[in-house]
Amino acid sequence: MTKVLFVVSECAPLVKTGGLADVAGALPAALAQYDVNVRVLLPGYRTVMAQVQKSKPVATYNNLFGNSADVIACQIAGVDFLILDAPHLYDRDGSIYGDATGADWLDNPERFAALCKVGAGIAAGDLPDWQPDIVHGHDWHAGLTPEYLRSAGLETPFVFTIHNIAFHGNASAQKLADLSLDADRFTSDHFEFWGQISALKAGLMGATKINTVSQTYADELMTPEFGLGMDGILQARQSDMSGIVNGIDLDAWNPQTDPNITKFKSPAGKSKNKTALQKTFGLGKADGPLCVLVSRLTEQKGIDLLLDALPALLDNGGQLALLGSGDPALEVALLKAAAKHQNLSVKIGYNEKLSHQMMAGGDAILVPSRFEPCGLTQLYGLRYGTVPLVALTGGLADTVINASPAAMARKVATGIQFFPINAHAFANAFNRLLTLYSDKDVWRSIQRNAMKQPVGWEAAAQTYKDLYESVL
Ligand code: ADP
Ligand code: GLC
């Protein structure tokens, strides 16, 4: 059995702001099938501690960046958690990354360095009964782990997964001592990045192997446009880099058993859910497709492109039900547009149950991202016969088969892709959607193909297992 410690900043079902949490929560169970035993080291944020029963700590640190901290072991929803209970770092109002105004916590460098330091401690044998063979870090929050492994004299292999390269976790060079980092290694071939400490760079330079969450994003990351300053490093490490497409939890996302919806087996069974969804969103009946979109509302997700392309859908009988939250300017713009169009309804907020109902009731799911390392909502869409209409990038390129004439002839199309990623091409994609939807047989065949496409963790888990074996 291979023992792997995940070091990660969010994990479903305890705490989630995006797909990272879904992945960290579902991958351990999938890996268990391959004789890999995962424990997940997670910060004990206030919301996490509220769900954890206090028990005797399995490890204690007298001074973890300013105060004492404990590690508490527990099993929740089948995941073996190691919760880092450090109130001085994690017990506070606001979100897990920042205060109520949306500004990052000033001590984020310490908050996540602490997680990495304890990760290295666990690798060194700090727990009485369990010591990992491999540490697997996710995104910049885990990036300093190899530095602490190194300073503890450990050679434990470190696998680093990039879920989103847009966040670098930079800190001022003045924090070198505060973060217990080796000042001699503050150089461009370790973790110095334009005069700052970069946790992301530390992870990329220190990792035994690097992967990201789709092959296309792995290739894109080698270019300046997508690599965001890390492209040179990734090119240098190309031989250690791979892409592994995420899966989704097939039990949580199963149209035949989903308790949130009117259950269905085939596309025809979606109609009751569609009627219910139109009611929930205050939309009337329409001749065209009901599109849905569930997302963080940020520039990454192409919401501004959506606003420009929307008339092509709404003025031609289509509808859109949108659920999301994020950038206040985008929220306002969406609400304004909804006030003007009877075929557009917007709900601002985060609502897991409603997101299931949207997958069940929608005809098509929109994912117009400017970049998308993997993307999960198009995978939920496939599983629920909700045809993905997506930008051709990253994981969206790898998981959707565009309804081109060739794919239609071979009866393998599962969705619609558009490129270049701009409002004009997006509007054209809406036109293609309306045409495909208007032919019932054609539409049904795309839905059926979508529902047949494997979207579980099986393939990814096997590939991660191989990756782990390659570093041992
Ligand atoms: P990212 O991690 O970049 O936000 P993903 O597509 O990988 O994008 O994952 C987003 C996850 O968050 C999905 O599980 C999606 O359903 C969920 N999600 C995003 N916004 C909302 C929302 N407003 N309500 C419910 N679920 C949401
Ligand atoms: C990131 C990416 C998203 C991916 C998720 C899980 O948040 O933006 O594309 O699906 O991580 O890997």
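The values are calculated or read from the model by the stated rules, or taken from the named source; none is laboratory data. Source: prediction; values computed, not measured. We place every Cβ from the backbone using ideal geometry, glycine too, and count neighbours over all the protein chains shown. We work out accessible area using only protein heavy atoms, side chains counted, and drop any ligands, DNA or RNA first. Shrake-Rupley method; radii C 1.70, N 1.55, O 1.52, S 1.80 Å.
Quick notes on this structure:
- Wholly within the range 348-414, helices (runs of 4 or more DSSP H) carrying at least 2 residues that are small (G, A, S) and within 19 Å of G288 (Cα to Cα): 352-361
- The requirement of being away from ligand 2 (no atom under 16 Å from the Cβ) and open to solvent by 20 Å² or more (accessible area, probe 1.4 Å) is not satisfied by G326.
- Criterion violated by A333 - all others in (1) farther than 28 Å from M451 by Cα; (2) at pLDDT 95 or above; (3) within 16 Å of ligand 1 (Cβ to nearest atom); (4) in contact with a Leu (Cβ under 9 Å, 6 or more places away or on another chain) satisfied: (3)
- Single residue of the range 163-207 satisfying the filter (of a type in the set (S, T, N, Q) and touching an Asp or Glu at 6+ places or on another chain (Cβ under 8 Å)) that is farthest from R150 (Cα to Cα): N164
One line per residue, one yes/no per condition, for (1) hydroxyl-bearing (S, T, Y); (2) closer than 20 Å to S172 by Cα; (3) part of a strand (DSSP E or B):
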residue	(1), (2), (3)
S68	yes, no, yes
V71	no, no, yes
C74	no, no, yes
I83	no, no, yes
L89	no, yes, no
D93	no, no, no
I96	no, no, no
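- Long-range neighbours under 7 Å by Cβ, at least six apart or interchain, first residue free of Cβ contacts under 8 Å to residues at least 60 places away in the same chain within the range 102-128, second surrounded by 21 or more Cβ atoms within 10 Å (Cβ to Cβ) and polar (S, T, N, Q): A120/T145
- Those residues of the range 29-45 which are open to solvent by 10 Å² or more (accessible area, probe 1.4 Å) and assigned to a helix (DSSP H, G or I), in sequence order: A29, A30, A32
- Scanning the range 386-414 for residues that are crowded, with 23+ Cβ neighbours inside 10 Å and within 15 Å of ligand 1 (Cβ to nearest atom) returns T386, P388, L389, V390, A391, T393, G394, G395, L396, T399, V400.
- Only one entry of L283, L293, L306 meets the criterion of being touching a residue at least 12 places away in the same chain (Cβ under 8 Å) and part of a helix (DSSP H, G or I), and that entry is L306.
- Scanning the range 279-297 for residues that are farther than 21 Å from T435 by Cβ and surrounded by fewer than 16 Cβ atoms within 10 Å (Cβ to Cβ) returns K279, T280, G282, G284.
- Checking each residue of the range 187-195 against the condition of being under 18 Å from K117 (Cβ atoms) and away from ligand 2 (no atom under 16 Å from the Cβ) gives at least one match.
- Checked against (1) in contact (Cβ under 8 Å) with a residue 12 or more places away in the chain; (2) away from ligand 1 (no atom under 16 Å from the Cβ), P224 passes all but a single condition, namely (1).
- Considering residues of the range 14-28 that are assigned to a helix (DSSP H, G or I) and over 17 Å from V4 (Cβ atoms) only, the residue nearest to ligand 2 (Cβ to nearest atom): G19
- Verdict on T60 being among the β-branched types (V, I, T) and either within 16 Å of ligand 1 (Cβ to nearest atom) or within 14 Å of G247 (Cβ to Cβ) (or both): no
- Scanning the range 364-385 for residues that are surrounded by fewer than 24 Cβ atoms within 10 Å (Cβ to Cβ) and among the acidic types (D, E) gives no hits.
- The set of residues from the range 262-278 being open to solvent by less than 40 Å² (accessible area, probe 1.4 Å) and assigned to a loop (DSSP other than H, G, I, E, B) comprises just one member, F264.
- Residue count for the range 127-167, restricted to those that are away from ligand 1 (no atom under 16 Å from the Cβ), closer than 29 Å to L106 by Cα, not small (G, A, S) and not in a helix (DSSP H, G or I): 6.
Conditions tested, residue by residue: (1) in contact with a Leu (Cβ under 8 Å, 6 or more places away or on another chain); (2) at pLDDT below 95; (3) under 30 Å from L200 (Cβ atoms).
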| residue | (1), (2), (3) |
| --- | --- |
| G232 | no, no, yes |
| Q238 | no, no, yes |
| T257 | no, no, no |
| K274 | yes, no, no |
| T280 | yes, no, no |
| V294 | yes, no, yes |
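- The residue pairs whose first member lies in the range 171-187 and is on the phi > 0 side of the Ramachandran plot, whose second member is modelled with pLDDT of 95 or more and not aromatic (F, W, Y), and whose beta carbons are closer than 8 Å, counting only pairs six or more residues apart or on different chains, are S180/A113; S180/K117; S180/S151.
- Hey, E10 open to solvent by 20 Å² or more (accessible area, probe 1.4 Å) and either polar (S, T, N, Q) or modelled with pLDDT of 95 or more (or both) or not: no
- G66 meets each of the listed conditions (1) open to solvent by 20 Å² or more (accessible area, probe 1.4 Å); (2) at negative phi; (3) more than 16 Å from ligand 2 (Cβ to nearest atom) apart from (2).
- For the range 241-261, the set of residues classified as away from ligand 2 (no atom under 16 Å from the Cβ) and open to solvent by 60 Å² or more (accessible area, probe 1.4 Å) consists of L250, D251, Q256, T257, P259, listed by residue number.
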